[in-house]
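Since the structure comes first, as structure tokens, the remarks are kept for the end.
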Amino acid sequence: TCVLPKRPPSWYCQAIEGSYHGLQGCLEAQGTQVRVTSSCNASLSAQRWKWVSRNRLFNLGAMQCLGTGWPGTNTTASLGMYECDREALSLRWHCRTLGDQLSLLLGGRTSNASKPGTFERGDQTRSGQWRIYGSEEDLCARPYYEVYTIQGNSHGKPCTIPFKYDNQWFHGCTSTGREDGHLWCATTQDYGKDERWGFCPIKSNDCETFWDKDQLTDSCYQFNFQSTLSWREAWASCEQQGADLLSITEIHEQTYINGLLTGYSSTLWIGLNDLDTSGGWQWSDNSPLKYLNWESDQPDNPSEENCGVIRTESSGGWQNRDCSIALPYVCKKKPNATAESTPPDRWANVKVECEPSWQPFQGHCYRLQAEKRSWQESKKACLRGGGDLLSIHSMAELEFITKQIKQEVEELWIGLNDLKLQMNFEWSDGSLVSFTHWHPFEPNNFRDSLEDCVTIWGPEGRWNDSPCNQSLPSICKKAGQLSQGAAEEDHGCRKGWTWHSPSCYWLGEDQVTYSEARRLCTDHGSQLVTITNRFEQAFVSSLIYNWEGEYFWTALQDLNGTGSFRWLSGDEVMYTHWNRDQPGYRRGGCVALATGSAMGLWEVKSCTLFRARYICRQSLGTPVTPELPGPDPTPSLTDSCPQGWASDPKLRHCYKVFSSARQQDKKSWIQAQGACQELGAQLLSLASYEEEHFVANMLNKIFGESEPEIHEQHWFWIGLNRRDPREGQSWHWSDGLGFSYHNFDRSRHDDDDIRGCAVLDLASLQWVVMQCETQLDWICKIPREGLDTTHTAAKGSSGVGDPRERPLSLAAFFPMSARQVRPPAHRLSTLAQIQGSSPERIELAGIGHCS
């Protein structure tokens, strides 16, 4: 069979189905010819196709690639099957335009008209009428992804598919020619000519081949010293083996790794990264960041060097580096855990009895200590009350703390600390550190001030290491007394429904269409579920955790086929959690939650043909405490734009283009994001067609409405990115806006899997996926009242600025502001204590990140 188990989607084969005047037919290779036959049979190799490298379409029957030739002087292209090593663009296709091109090029060529069930003549059809046979998936649904090799002699380069070996074409990895049975591939078109190869990544439940196993912890490690990949490529290589880049969570593991590195001289990628623009340093495999082994003066330049390495020269010490450089890497996995999804947080609230002034949650009691004390004095006060400083072990507990206990308190102590061993964080109550939630650029021992104790601050309850002698409020936690019966609290929810403030939730187990799901929820006095923040997402994911392989309808849909998603209530989408390659290229559709390894991720499905289970939500009123805020308060339409910025009366934001003919003035994505933030702005986010239409008109006014060829390869960074590896390749806007409107262009690249940032293409006025380190122009966006009037603005109101502008403000010199968070008071005072520091001197002192 063509669908190989334990392979990435790029290996899947498919039959391609199209329609002519309402008749259905499948694309079939017949010798060197291509036809459309109404006799669809997905088991026939002549009807089985797969995307392969360099945007080519391979047929398993012909063992050739689909292409076009130009017979003689005839101006009409000829569609047929050709050897895949033809170095011609006529073999390359874009999945979004393939349907249109098939309809045009097939013309009158159909099956033999004398046979029953064949077409008399071809006709032109729209791309949307071609799809994968037997499904509603379009031709972009099963793309090709680079497959990175292990060992061999290609330094980790990806397979070239198909490749020729011993005068035979292979459209996937093979064990041919190897006595040990290991799968391999060539990394150039013809192995016989170049002899470049590597082993293929394999997902297995053991550590027998290519892995070293720590018998004490059962963790397995793979050291790819001979490879040279970027951080994202290395991460993808590990992921293709059911593993992840190395995480180090305790001293024993660091010691074990150091032993395996003995005798080598190398710098290798590990999973440590700072790629989440809303959070701090993290491990790509979701391990808690509780142990750190930074070298002296590390991390440095954290606004641009966002990925971690381990170095043999410093006995396993860590540094941060530019993620785009090519280095060896280390993978890590746990055997028998390659296909498991992360267990859900426990959200059910068992009834417990707590003393007055203490609040119950999940078997524990919590109390806010408003009196400001040092960390040690706060801990003593908690101990006198029979508890200890707060420990936090899940998103559920964090949400409770943020909403019910912390509330409006700016910053307070929790029990996490590294007092016993520097940079080895522990909870003061002795519980296991299984969850961390650091602020941007944290933990960092700011200015070498021995920050050994941890605070929680900000609306999302993120954490920051601070000097222990700082005076702050704190939170105490202790075990509660189980109530009689110890039943879960229902808060007024009906039987079978589950409470999560301020609503009751119910799982509909019947598989129904979208309209049927809406009606069934309405019959229960409720609506399909909406999800507005990461806490609600985590809760809903816990509800469907045991439903392996199922989908659940939500209230999100692209009703009018515009590419703009809205909740059925009409509310703006402020949070999204898309699966990989979602929402895709198709317009229209309704959104369902996936399960299994893609637990809780959002996917677009046909509203009328797809059948899924559903989740109903019934609100019981407003919560006792306010919901977490969105990315920003809604700006006013009546405020004006700062000088040099452009807007429209119907838009609440102002816009400015930064463009230069000088290459040295262009910036990478993270540099462009920082440049916007220095102005109090963000990289451009787009919530609707109307907003993008204004931006397009602004660009046309600046650069002229020339033919697309004139503006070819003129790209502008926008805020859309999927840099954070923990989000499952899900797209996000850097300003926190939900990704509810999409306008990606028709192009696709083999390395799209590692392209993590998006640009606006001036030629097509659509979005293109790009390597985040590319140096480009950019567009900033700011609320109408958001710009600091001390900034220097460009003259006029065209919305174009000089990328060399260097406005001076606190935001320009304090890295924390780059992630939309306010520094704690003790850090502001530290800044103020820099003797005689003007803004220029602060910049030279290295505190800021102006560029």
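The values are calculated or read from the model by the stated rules, or taken from the named source; none is laboratory data. Owing to the predicted nature of the structure, the values given are computational and were not obtained by experimental measurement. With ideal geometry, Cβ positions are generated from the backbone for all residues, glycine too; neighbour counts draw on all protein chains shown.
Things to note:
Residues are listed down the side, and each one gets a yes or a no for (1) in contact with a Gly (Cβ under 9 Å, 6 or more places away or on another chain); (2) crowded, with 18+ Cβ neighbours inside 10 Å; (3) part of a loop (DSSP other than H, G, I, E, B):
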| residue | (1), (2), (3) |
| --- | --- |
| SER135 | no, no, yes |
| ARG142 | no, yes, yes |
| SER154 | yes, yes, yes |
| ILE161 | yes, yes, yes |
| HIS182 | no, no, yes |
| CYS185 | yes, yes, no |
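- Among the residues of region 416-434, those identified as assigned to a loop (DSSP other than H, G, I, E, B) and of a type outside the set (Ser, Thr, Tyr) are ASP418, LEU419, LYS420, LEU421, GLN422, MET423, PHE425, ASP429, GLY430, LEU432, VAL433.
- Checking region 192-208 against the condition returns a match, with at least one residue being surrounded by fewer than 16 Cβ atoms within 10 Å (Cβ to Cβ), of a type in the set (Asp, Glu), out of contact with any helix residue (DSSP H, G or I) (no Cβ under 6 Å at 6 or more places or on another chain) and not in a loop (DSSP other than H, G, I, E, B).
- HIS439 meets the stated requirement of being in the same structural domain as CYS468 (by TED's automatic domain parsing), within 28 Å of the chain's Cα centre (by Cα) and within 20 Å of GLN470 (Cα to Cα).
- Criterion violated by HIS524 - all others in (1) closer than 12 Å to LEU620 by Cα; (2) more than 29 Å from the chain's Cα centre (by Cα); (3) surrounded by fewer than 19 Cβ atoms within 10 Å (Cβ to Cβ) satisfied: (1)
- Matching residues in region 150-171 - criterion: being in contact with a helix residue (DSSP H, G or I) (Cβ under 6 Å, 6 or more places away or on another chain) and either among the aliphatic types (A, V, I, L, M) or at positive phi (or both): ILE161
- Options ALA46, ALA29, ALA62; residue that is in a strand (DSSP E or B) and modelled with pLDDT of 90 or more: ALA29
- Subset of region 311-327 [under 19 Å from GLN226 (Cβ atoms), among the small types (Gly, Ala, Ser) and assigned to a strand (DSSP E or B)]: none
- Yes/no for SER278 being within 17 Å of the chain's Cα centre (by Cα), surrounded by 23 or more Cβ atoms within 10 Å (Cβ to Cβ) and not acidic (Asp, Glu): no
- Leading residue by the ranking (surrounded by the most Cβ atoms within 10 Å (Cβ to Cβ)) among those in region 25-39 that are farther than 16 Å from ILE132 by Cβ and of a type in the set (A, V, I, L, M): ALA29
- Residue selection: HIS732 satisfies the criterion of being buried (at least 17 other Cβ atoms within 10 Å of the Cβ), out of contact with any helix residue (DSSP H, G or I) (no Cβ under 9 Å at 6 or more places or on another chain) and under 26 Å from GLY561 (Cβ atoms).
- Some residue of region 580-595 being of a type in the set (Ser, Thr, Tyr), under 18 Å from the mean Cα position of the chain (by Cα) and either modelled with pLDDT of 90 or more or part of a strand (DSSP E or B) (or both): yes
- Scanning region 85-119 for residues that are at pLDDT 80 or above, surrounded by fewer than 16 Cβ atoms within 10 Å (Cβ to Cβ) and outside any loop (DSSP other than H, G, I, E, B) yields THR97, LEU104.
- All positions within region 596-607 that are touching a strand residue (DSSP E or B) at 6+ places or on another chain (Cβ under 7 Å) and not in a loop (DSSP other than H, G, I, E, B): TRP602, GLU603, VAL604, LYS605
- Once region 240-260 is narrowed to residues that are buried (at least 19 other Cβ atoms within 10 Å of the Cβ) and among the aliphatic types (A, V, I, L, M), the residue that is farthest from ASN320 (Cα to Cα) is ALA243.
- Test set (1) at pLDDT 95 or above; (2) crowded, with 22+ Cβ neighbours inside 10 Å; (3) over 30 Å from the mean Cα position of the chain (by Cα) - SER471 fails condition number: (2)
- Residues being over 14 Å from HIS155 (Cβ atoms), in a strand (DSSP E or B), under 25 Å from the mean Cα position of the chain (by Cα) and not charged (D, E, K, R) are entirely absent from region 247-265.
- All conditions but one from (1) more than 21 Å from the chain's Cα centre (by Cα); (2) of a type in the set (Lys, Arg); (3) surrounded by 22 or more Cβ atoms within 10 Å (Cβ to Cβ) apply to ARG311; the one that does not is (3).
- Failed item, numbered, when GLY152 is tested on (1) over 20 Å from ARG54 (Cβ atoms); (2) assigned by TED's automatic domain parsing to the domain that holds ASP322: (2)
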